[in-house]
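Student: Handing you this structure, nothing more for now.
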Amino acid sequence: LRKSFLLSVDMAHAVHPNFASKHEKGHGPKMNAGVVVKTNQNQRYATNGITGFLTREITRKAGTVPLQEFVVRNDCPCGTTIGPIIASNTGIRTADVGMPQLSMHSCREVMGIADLTNGLELFKAFFQHFREIDDNLEG
């Protein structure tokens with residue numbers, strides 16, 4: 001388990017034009033602009049400094065995967081993913097990521113078609129580059 005890493009992949013809330021104020025400035029995911037690394041200081045997402053770095057480094061090394069950051073505003077509650085549950089029960093390093101979409105949990109969820117490709121490219125990059133990057137970390 002010590003060398004394990006989990007990408008907890010779900011969807012992410014894209015900036016809705018009618019509710020743009022619900023996102024932190026500079027951290028609002030846009031559709032068709034890349035996979036989203038999701039961070040929440042209340043641990044509703046499992047991404048932390050190390051796992052976020054690993055995810056960003058994988059995409060940097062691949063050079064083909066656009067990445068966005070999503071930080072939940074402190075005064076706005078948010079849902080969670082299975083990431084924190086798995087991470088706390090197993091100790092496996094975990095990053096929560098997802099493709100941006102509008103109208104999550106509605107009967108008309110919408111996402112950008114380019115983000116399907118972005119997600120696939122992230123998964124391929126993970127399997128291609130993770131072990132090398134992880135082996136080069138100090139500590």
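Student: Tell me which residues, restricted to region 110-120, are in contact (Cβ under 8 Å) with a residue 60 or more places away in the chain, over 18 Å from Ser8 (Cβ atoms) and not hydrophobic (A, V, I, L, M, F, W, C).
Tutor: Gly112
Student: Do we have Phe53 as free of Cβ contacts under 8 Å to residues at least 24 places away in the same chain, surrounded by 14 or more Cβ atoms within 10 Å (Cβ to Cβ) and closer than 17 Å to Phe5 by Cα here?
Tutor: yes
Student: Give me the pairs: first residue in region 13-40 and on the phi < 0 side of the Ramachandran plot and part of a loop (DSSP other than H, G, I, E, B), second residue of a type in the set (D, E, K, R) and open to solvent by less than 70 Å² (accessible area, probe 1.4 Å), beta-carbon distance under 7 Å, and six or more apart or on different chains, which are they?
Tutor: Glu24/Arg73; His27/Glu69; Met31/Asp115
Student: With respect to Arg2, determine if the residue is more than 15 Å from the chain's Cα centre (by Cα), within 18 Å of Phe130 (Cα to Cα) and open to solvent by 80 Å² or more (accessible area, probe 1.4 Å).
Tutor: So Arg2 passes the test.
Student: If you don't mind, there's one more thing I want to ask. For Lys61, work out the one condition from (1) of a type outside the set (Ser, Thr, Tyr); (2) under 25 Å from Asp134 (Cα atoms); (3) open to solvent by 30 Å² or more (accessible area, probe 1.4 Å); (4) modelled with pLDDT under 95 it doesn't fulfil.
Tutor: Going through (1) of a type outside the set (Ser, Thr, Tyr); (2) under 25 Å from Asp134 (Cα atoms); (3) open to solvent by 30 Å² or more (accessible area, probe 1.4 Å); (4) modelled with pLDDT under 95 one by one, Lys61 breaks only (4).
Student: Tell me yes or no: at least one residue of region 104-112 is open to solvent by 90 Å² or more (accessible area, probe 1.4 Å), aliphatic (A, V, I, L, M) and more than 16 Å from Leu6 (Cβ to Cβ).
Tutor: Taking every residue of region 104-112 in turn, none turns out to be open to solvent by 90 Å² or more (accessible area, probe 1.4 Å), aliphatic (A, V, I, L, M) and more than 16 Å from Leu6 (Cβ to Cβ).
Student: Asn89 passes all but one of (1) surrounded by 12 or more Cβ atoms within 10 Å (Cβ to Cβ); (2) polar (S, T, N, Q); (3) part of a helix (DSSP H, G or I); which number fails?
Tutor: (1)
Student: Still on this model: Can you find a residue that is open to solvent by 40 Å² or more (accessible area, probe 1.4 Å), under 25 Å from Ile133 (Cα atoms) and in contact with a strand residue (DSSP E or B) (Cβ under 9 Å, 6 or more places away or on another chain) anywhere in region 11-24?
Tutor: no
The values are calculated or read from the model by the stated rules, or taken from the named source; none is laboratory data. Predicted, not measured: the structure shown is a model, and the values here were computed from it. Note: ideal-geometry Cβ built from the backbone for every residue, glycine included; neighbour counts use all protein chains shown. We work out accessible area using only protein heavy atoms, side chains counted, and drop any ligands, DNA or RNA first. Shrake-Rupley method; radii C 1.70, N 1.55, O 1.52, S 1.80 Å.
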